[in-house]
Amino acid sequence: MKSLLARQAPLADTAYQLTVLTQAEAEGAQLPAFAHKLRESDLLPLRPTKLSVMQINVGKMCNQTCKHCHVDAGPDRTEIMTRETMQLCLDALAQTDIPVVDLTGGAPEMNPDFRWLVEQISALGRETIVRCNLTIIVANPKYHDLPEFFARHRVRVVSSLPHFSAGRTDAQRGDGVFGRSIRALHLLNGVGYGVEGSGLTLDLVYNPAGAFMPGSQVGLEREFKQRLGREHGIVFNNLLTITNLPVSRFLEYLLESGNYESYMQKLVAAYNPVAAANVMCRSTLSIGWDGQLYDCDFNQQLDLPVAPGAPQHIRDFEEARLQERAIVVNQHCYGCTAGAGSSCGGATT
């Protein structure tokens, strides 16, 4: 295990070595340990299935600075997607039958063209997911009408809430975040989100607060619904469990706390070939704020673009060529394939 961990490049995200798994290179020996796991599962090279989600990072600006954030978002980030790049995304979307557009950030609502983009996606007849951090809704009067805007366009709202207690949530996301999140959830419930029969979906996301994997998604959902309902009168549809990957701020935490090797050992030992077959990068295309294309949101943070030979920027979008690409993998991918699996949609098995 020690030799495996030595190849994890633990010093910084930029230390990860890019390994492009083309068909020819997949027969060579210079592959990360995770690639050999895929080979054992008859999944190497890892290739897309049917592209069903276009995930767009509209910028890294955020009103929060969460300890687990793999995007390293915050109020001081200036990277923002322009309307011109958004239009390129819409042009590409119109060429396909991709049913879902997943808008993320940062806080995507802080992009000045966010509402325009949602309206355009809706006009194309596609479902929109917004990764809303909840507190943005109550952060400033200009965002107070977001619940009504979301409802008008039938947006699916997916929001991080690390725990049903104030202490554990604030420890991960900042002082007072839990209280502001509860206020935002009441506003969303008030327009029908999470209410049975409304057709307005409100999902919550659970990320572990430490160097451990999430528990049972079914069990945690039951507990969250009971506690949030009983103590705060909150209702929601689904709880999605996501494993923290060893990148960005969470990687820094692992290194500073001395938990890096033990955490990686947990992920490696929990490798699940069924979860590997269902990883989100097989059905999702990730688009950076500048239009660069990635296999997933985590590769985007690690600056690992799609493999050479595939279109590199949304302006050059060709679905057929992207379907033929080999997905770029490395050691952080153990996080998505451990246990019940992890994706932006929660557990995968």
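The values are calculated or read from the model by the stated rules, or taken from the named source; none is laboratory data. Quantities reported herein were computed from a predicted structural model and do not represent experimental measurements. All Cβ positions, even for glycine, are placed from backbone atoms using ideal geometry, and neighbour counts span all protein chains on display.
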Scanning the stretch 253-276 for residues that are more than 20 Å from Lys37 (Cβ to Cβ), surrounded by 17 or more Cβ atoms within 10 Å (Cβ to Cβ) and aliphatic (A, V, I, L, M) gives Leu254
Cross-chain or 6+ apart pairs with Cβ under 7 Å, the stretch 307-326 first and among the basic types (Lys, Arg) and at pLDDT 95 or above, then surrounded by 14 or more Cβ atoms within 10 Å (Cβ to Cβ) and assigned to a strand (DSSP E or B) = Arg321/Ala310; Arg325/Ala310
Of the conditions (1) among the β-branched types (Val, Ile, Thr); (2) under 20 Å from Cys336 (Cβ atoms); (3) modelled with pLDDT under 95; (4) surrounded by fewer than 16 Cβ atoms within 10 Å (Cβ to Cβ), Thr49 fails just one. Which one is it?
-> (3)
On the given criteria, is Phe236 modelled with pLDDT of 95 or more and closer than 30 Å to Met110 by Cα?
-> yes
Would you check which residues across the stretch 317-344 are part of a helix (DSSP H, G or I) and within 19 Å of Val101 (Cβ to Cβ) and list them?
-> Glu319, Leu322, Gln323
Filtering the stretch 180-206 down to residues that are over 28 Å from Gly167 (Cβ atoms) and either crowded, with 20+ Cβ neighbours inside 10 Å or free of Cβ contacts under 8 Å to residues at least 40 places away in the same chain (or both) yields Glu196, Gly197, Ser198, Leu200
Check on Glu84, acidic (Asp, Glu) and more than 17 Å from Ser286 (Cβ to Cβ) | yes
If you take the residues in the stretch 121-135 that are over 14 Å from Arg152 (Cβ atoms) and of a type in the set (S, T, N, Q), which one is surrounded by the fewest Cβ atoms within 10 Å (Cβ to Cβ)?
-> Thr135
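Each row is one residue, and each column tells you yes or no for (1) within 23 Å of the chain's Cα centre (by Cα); (2) farther than 19 Å from Ala171 by Cα; (3) of a type in the set (Ser, Thr, Tyr).
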position	(1), (2), (3)
Gln226	no, yes, no
Gly229	no, yes, no
Asn237	yes, yes, no
Thr241	yes, no, yes
Glu256	no, no, no
Val268	yes, yes, no
Pro273	yes, yes, no
Ala276	yes, yes, no
Met280	yes, yes, no
Out of (1) more than 30 Å from Glu221 (Cα to Cα); (2) within 20 Å of the chain's Cα centre (by Cα), the one Gly341 does not meet is (1)
Within the stretch 100-113, how many residues are farther than 15 Å from Cys344 by Cα and surrounded by fewer than 22 Cβ atoms within 10 Å (Cβ to Cβ)?
-> 2
Scan of the stretch 268-286 for residues that are among the β-branched types (Val, Ile, Thr), under 30 Å from Val58 (Cβ atoms) and either in contact with a His (Cβ under 7 Å, 6 or more places away or on another chain) or not in a loop (DSSP other than H, G, I, E, B) (or both), ordered by number | Thr284
Return the pairs, sorted by first residue and then second, in which the second residue is surrounded by 19 or more Cβ atoms within 10 Å (Cβ to Cβ), the first residue lies in the stretch 253-272 and is of a type in the set (Gly, Ala, Ser), the beta carbons are less than 6 Å apart, and the residues are 6+ apart or on different chains.
-> Ala270/Ala338; Ala270/Gly339
Which of the following residues is buried (at least 20 other Cβ atoms within 10 Å of the Cβ) and among the charged types (D, E, K, R): Arg173, Arg168, Arg152?
-> Arg173
Taking helices (runs of 4 or more DSSP H) that fall entirely within the stretch 103-190, which contain at least 1 residues that are among the aliphatic types (A, V, I, L, M) and under 17 Å from Leu240 (Cα atoms)?
-> 177-190
May I ask you to verify whether Val157 is under 20 Å from Ile182 (Cβ atoms), at pLDDT 95 or above and under 19 Å from the mean Cα position of the chain (by Cα)?
-> yes
